[in-house]
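Below is one structure, written out as C-alpha cells, with a few remarks after it.
The values are calculated or read from the model by the stated rules, or taken from the named source; none is laboratory data. No experiment lies behind these values; they were computed from the predicted model shown. Heads up, the Cβs are rebuilt from the backbone with ideal geometry, glycines too, and the neighbour counts pull from every protein chain shown.
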Amino acid sequence: MTQAIRPQPGIMDIALYQGGASQIEGQTDPLKLSSNENPFGTSAKTIAAITQAATGLHRYPPTDHMKLRQAIAEVHGLDAQRIICGVGSDEILTLLAMAFAGPGDEVLYTEHGFSLYRIFALSAGATPVVAPEKDRCVDVDALIDRISDATRLIYIANPANPTGTALDIDALTHLADAVPDHCLLVLDGAYAEFFHGYDGGASLVEARANVVMTRTFSKLYGLGGLRVGWGYAPQNIIDVLNRIRGPFNMSSVALAGAETAVRDRAFVETCLQENAEQRARLTGGLHQLGIACDESHANFVMARFASEAEALAADAHLKSAGILVRLVKGYGFPEALRITVGRAEDVTRVLEALGSFKGAE
C-alpha cells in the first residue's frame, strides 16, 4: 500500500474476526459445538422453500423484502413498515454505525461484549468506549456512567455472548431511561428467542424514539449459512438505514427460506424445548464436575476452569475426543470454554469427556 492510498482512520486498528473452529486435524467428522449453531439443522419446510426458490435464480430478488417483513411482523406482533432485513443481523448493526457514528463520536459497549462492536465503531471512524461488567453480566450503572455528549451508539447483546447472562426488562428499561436523545440504544438479540419471556426489546422500541432491536435467523432457525437478519426501529431510523443498504442485499433464496422458517412454529418450539432441557443438563453436569458456569439464557454455556492452563488442557482433551468448543480468551475469559448446547447425545458426550478429563487431573 502506497502512502498516497490510505484507508480511513481506524480501519487498520481492526483485528480480523475469528470464527469457531470446524475441523480437528486427523479427524473426519468432529462434533462441532463451537459456533452456537442449531444442532437439529434447518427445518424440512425451509429446505423445501429454498430448493423451490433456487429455480428462479435468474431473476433479481425484490428490493423491499415485503413478504419476509410481513411474516416477521405477523409472528412477532410488530409493524412491518418498521422492519429492515439484512445479510445477518451483522449488516443491520454495521449500517447503524455507518449512519449514526463517525469521527469525533463514541460507540459504547461492555468489556466482554461481541467482538464486532469494536469493529463497527472503528470502521465508521468513531472511538470505541468500553464499560466494565459485573460478575460476567452487563453492568447498567457502569454503562450509564460512561455515556457522554459524544456517545452516539450503545450496543448491548441480550442475552450476552459468550457468557449467556441476560438483563431482565426492568434493567433494560432503567438503561433506556438514562440514554439521552442524541444516542441510540441497540439491543442485539441474536439469542433473544432462547431467553424465555423476553420480547427482544420490542416493547422498548415501541415506547421510545431511540431504541433499536436486531434479531437473526442464524441460531434458532438453523440458517447460519444463508445469512439473514432483521431489525426493528422507529420509522425515521428505518428510513435512514434503507437509504444506505444495498437494494439487492438479500437473495431470493434467503428471503424465501427465512419467510418459511419464521412461520414454521412447530420446528421452532421443538428446538426451544430441546435447548432448554439440554442446557439444564449441561449446566447441571458441569456443576457436578466442579466446573463453574453461570445460568445461561442462550443456546450455549460458558464453562469456567481454575486457570487458562486448565481451560487449554480441557480444550485439548475435548479435541482428542472429537469435540470442538470455543476458546474465549479474545472475549476476556482465558480460563473459559464456550460450549454450544447440542442434542441429548451430544451433551452426554461432552459431559463424559469432561468427566474423564477431571478424573485424569
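Data for the structure
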quantity: Test: residue in the stretch 245-268 that is closer than 24 Å to Tyr109 by Cβ, in the same structural domain as His76 (by TED's automatic domain parsing) and aliphatic (A, V, I, L, M); calculated: no
quantity: Matching residues in the stretch 64-78 - criterion: being at positive phi and surrounded by fewer than 19 Cβ atoms within 10 Å (Cβ to Cβ); calculated: Gly77
quantity: Residue list for the stretch 233-252, filter: part of a helix (DSSP H, G or I) and either crowded, with 22+ Cβ neighbours inside 10 Å or not small (Gly, Ala, Ser) (or both); calculated: Gln235, Asn236, Ile237, Ile238, Asp239, Val240, Leu241, Asn242, Arg243, Ile244
quantity: Tally, over the stretch 312-324, of residues that are within 24 Å of the chain's Cα centre (by Cα) and crowded, with 23+ Cβ neighbours inside 10 Å; calculated: 1
quantity: Any hit, the stretch 253-260, residues being assigned to a helix (DSSP H, G or I), at pLDDT 95 or above, more than 30 Å from Gly56 (Cα to Cα) and among the charged types (D, E, K, R); calculated: no
quantity: Number of the exception - Gly113 against (1) within 19 Å of the chain's Cα centre (by Cα); (2) within 21 Å of Ile237 (Cα to Cα); (3) surrounded by 22 or more Cβ atoms within 10 Å (Cβ to Cβ); calculated: (2)
quantity: The stretch 88-134: number of residues that are over 24 Å from Lys329 (Cα atoms), in contact with a Ser or Thr (Cβ under 6 Å, 6 or more places away or on another chain) and not in a helix (DSSP H, G or I); calculated: 1
